[in-house]
Amino acid sequence: MIRFDDLLQPDRGQPAHAIEMIAPDDHAGWLARQSPRTRGMVAAQGFRGKPGHHAVLPGEGDDWHVVAVADGETPWSLAGLSAALPAGTYRIEGHEGGELGWLLGQYRFDRYRRADEDGARILLTRDAAGIAETIALAGATAQVRDLVNTPASDCGPADLEAAAAALTKRHGGTVTVRRGDELEQGYPMIHAVGHAAARDRAPRLIELVWGDQAAPRIALVGKGVSFDTGGLDIKPSSGMRLMKKDMGGAAHALALAELVMAARLPVRLHLLIPAVENAISGDAFRPGDVLRSRKGLTVENTNTDAEGRLILADALTRAAEEKPELILDFATLTGAARVALGPDLPPLFSDDEALARDLLAAGVATHDSLWRLPLWDGYDELLKSDIADMVNAPDGGFAGAITAALFLRRFVPAGIPWAHLDVFAWRPTSKPGRPKGGDAYGLRATFTVLRQRYR
């Protein structure tokens, strides 16, 4: 993985190529102030007043500089530049911010092909105090991307376990793992979903604990379905194609845990990842089976392709047993969320008004927006079963994202602030700094809230 700490450095007057940023509405005025030679050179490079356009201009001797049209005051304003400019060291003139985009514009997933040998683009910044956090955010985002982009053959339950162990190696803490048939008694729904997989891909509950025991306890829960066939309610090939990304919730939770630990936030962190492969074999769980949960509630399994909420339910129950003052869960849970809000805008569900308000505000402030959907009590009756305490997936498909969140709510005790993010974890088309493939959604927003609450 690219080393972002090499790409963002404090500006101490080092030699660097200047980048002059101009606003889109100042393009004509800028051109009018230039010499005919310069106007001809930028015209030859197709430089127009569109955000993201740039041109390289000669300076004194063998020096050269860059003129670019600013792409707004967002984290991605410099992302296109860092991907397009030649290797070298740069400083920005007439523009603030965009360092995160500069770093992530150079992200590449090259595990399975030769890396581009085109050199690094180093940015000098006057915001020396913000360098460490920007690098940490870029690294966490890249971690989500790498995990989600990795195919299931190289990212199974054991690999998610290894990722949690690597966190403790870097930052301390302890990891406890329950695997295979060991789950049958204490975590029966995690066991039911995952026990059809091959032995080396056995289901497991991964728990990481870090921080001072006396500090406020927070829990992060991430859905870790390393591959989802749909089970016996098998997905069509078109629906199965991207199911390597069904562990995207676990990737988000791991990355957020890394940010918390690296920042040394004064919390007692409890990270929980139920990790399974929803496979098909002779002993796969069946439509119509009644499953007992860790909480004791029984669930009529109406759809084996609604497995994520089953494993999250056992993990949420375990998280609540430690009486945290906050629970956040991330899951690539429903197609209904994508129908409602598309790939870029994760729905947020929470029954705590202060937590929801803080998360929404942080999303706006960090350009990492969330959109609140209701935990509508009127739909709770859709979870009714004729033979068990509840079903996992109501018939009809109405309000699918909401009923999935209502299902999870039954496993979080009243009084514990909880938020559920139904993330897509995938970018279907490329944008500057955000290539097609795995991506993080809501990561900056949630970290901002944790950092504000726990200083």
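No value in this document is a laboratory result; all are computed from the given coordinates. Note that the structure is a prediction, hence the values are computed from the model and not measured. FYI the Cβ positions are ideal-geometry reconstructions off the backbone, even for glycines, and counts take in every protein chain you see.
About its Cα centre, what dipole magnitude does region 4-126 give when the only charges are +1 on Lys and Arg Cβ and -1 on Asp and Glu Cβ, stated in debye to the nearest 20? Present the calculation step by step, with values, prior to reporting the outcome.
Working: 13 positive and 18 negative charges, 74 e Å.
It comes to approximately 360 debye.
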inquiry  = Could you tell me how far the Cα centroid of region 17-58 sits from the Cα centroid of region 159-219, in Å?
reply    = 54
request  = Order by neighbour count: D351, D395, fewest other Cβ atoms within 10 Å first, most last.
outcome  = D395, D351
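Tell me what the chain gives for mean residue ellipticity at 222 nm when only DSSP H runs of n ≥ 4 count, each as -39,500 (n - 2.57), the sum divided by the residue total, rounded to 500 deg cm²/dmol. List each step's numbers first, then the result.
Working: 15 runs with 146 residues, N = 455.
Computed mean residue ellipticity for the chain: -9500 deg cm²/dmol.
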key: Counted charge near A128, where neighbours are those whose Cβ lies closer than 12 Å (Asp, Glu -1; Lys, Arg +1)   = -2
task = Find the all-direction average of the projected area of the Cα convex hull for region 347-397, expressing the result in square nanometres with one decimal place.
result = 4.6
note = Karplus-derived 3J(HN,Hα) from phi for region 149-160 (6.51 cos²θ - 1.76 cosθ + 1.60, θ = phi - 60°), whole Hz, x at Gly and Pro, runs 6, 6, x, 4, 4, 10, 9, x, x, 5, 6, 5
message = What percentages make up the Cα-Cα pair-distance distribution of region 4-126 when the bins are 5 Å wide from 0?
response = 2, 10, 21, 23, 19, 13, 8, 2, 1, 0
Extreme residue, positive dipole direction of the chain, given options A132, F411, S350 (C-beta unit charges) = A132
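Cut-off is 10 Å between beta-carbons; in what order do T448, T38 appear when sorted fewest neighbours first?
Arranged by neighbour count, lowest to highest, T448, T38 become T38, T448.
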query = Which of G180, W376, M390 sits closest to the plus end of the dipole of the chain, meaning its Cα is farthest towards the positive end, when Lys and Arg get +1 and Asp and Glu get -1 on the C-beta?
reply = G180
query = Can you list residues whose amide H is under 5 Å from V267's amide H, if they're 5+ apart or on another chain and H is modeled 1.01 Å from N?
reply = D212
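Do any of K244/K384; K245/K431; K169/K235; K223/K384; K295/K384; K223/K436 go past 27 Å between their Cα atoms, and which? Display every interim value, and only then the final one.
Working: K244/K384 31 Å; K245/K431 19 Å; K169/K235 38 Å; K223/K384 24 Å; K295/K384 17 Å; K223/K436 22 Å.
Result: K244/K384; K169/K235 exceed 27 Å.
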ask   = Applying the Karplus parametrisation 6.51 cos²θ - 1.76 cosθ + 1.60 with θ = phi - 60° to the phi angles of region 370-377, what ³J(HN,Hα) value in whole Hz is obtained for each residue in order, glycine and proline being reported as x?
value = 10, 9, 7, 10, x, 7, 6, 4
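Which whole-number value in Å³ per residue fits the convex hull of the alpha carbons of the chain? Don't skip to the answer; put the middle values down first.
Numbers: hull volume 70.2 nm³, N = 455.
Per-residue hull volume (Cα only) is 154 Å³.
If you put +1 on each Lys and Arg Cβ and -1 on each Asp and Glu Cβ, how big is the dipole of the chain around its Cα centre, in Debye rounded to 20? Write out the running numbers ahead of the final one.
Values: 51 positive and 59 negative charges, 105 e Å.
About 500 debye.
Quick check on region 76-163: what does the Kirkwood estimate of hydrodynamic radius come out to from the alpha carbon pairs, in Å?
Values: mean 1/r = 0.0682 Å⁻¹.
Roughly 14.7 Å, rounded to one decimal.
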remark   = Once amide hydrogens are built 1.01 Å from N within the peptide plane, the residues lying 5 or more places from R372 or on another chain with amide H under 5 Å from its amide H are L348
ask   = So how do W30, W210 line up by other beta-carbon neighbours within 10 Å, fewest first?
value = W30, W210
note = Residue by residue through region 108-123, the couplings from Karplus 6.51 cos²θ - 1.76 cosθ + 1.60 with θ = phi - 60°, in Hz, x for Gly and Pro, are 9, 9, 10, 4, 10, 8, 5, 5, 5, 9, 9, x, 9, 10, 9, 10
request  = Evaluate the charge dipole of region 222-284 about its Cα centre and quote only its size in Debye, nearest 20, assuming +1 on the Cβ of each Lys and Arg and -1 on the Cβ of each Asp and Glu.
outcome  = 300
query = What net charge is computed for the residues neighbouring H53, neighbours being all others with C-beta under 14 Å from the C-beta of H53, Lys and Arg scored +1, Asp and Glu -1?
reply = -2
